[in-house]
């Protein structure tokens, strides 16, 4: 079973990262390497701060860590910077892994492309409000505009 879990982590299509409780990066998967440009050996032992883009202020990170430590999970968008300098904004889900006594032993981060979520949301909105054949406003959009 252990090898299956390890293979699932490294081959998952979503970028993933596992850190120690103090934030030291321990493991990243192949999708993380593809997204960020950092290999496992380059990023291991680093703090995720190496990915900061500068678009979030100190208060953002204070609130992020407060929620993560108190609640044990955090969901949201991070503006990060890849090794090449490209800025990207994945949707991130981070969970605390706790031991039997409740002490945090690791954090696991899973990322997904926020652009895909935005495009899907726009597509749904378009399907709700525009005729699929003509692209013209449909009855639902007419009723919304009328009110």
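Structure values in brief
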| item | result |
| --- | --- |
| Per-region count, region 114-144, residues at pLDDT below 70 and under 30 Å from residue 30 (Cβ atoms) | 9 |
| Strands (runs of 3 or more DSSP E) completely within region 1-111 that count 3 or more residues being surrounded by 12 or more Cβ atoms within 10 Å (Cβ to Cβ), in contact (Cβ under 8 Å) with a residue 40 or more places away in the chain and under 14 Å from the mean Cα position of the chain (by Cα) | 16-19 |
| Residues satisfying the stated conditions in region 21-30, i.e. closer than 22 Å to residue 113 by Cα and out of contact with any strand residue (DSSP E or B) (no Cβ under 7 Å at 6 or more places or on another chain) | 30 |
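The values are calculated or read from the model by the stated rules, or taken from the named source; none is laboratory data. This is a predicted model, so every value here is computed, not measured. Cβ atoms come from the backbone with ideal geometry, glycine included; neighbour counts cover every protein chain shown.
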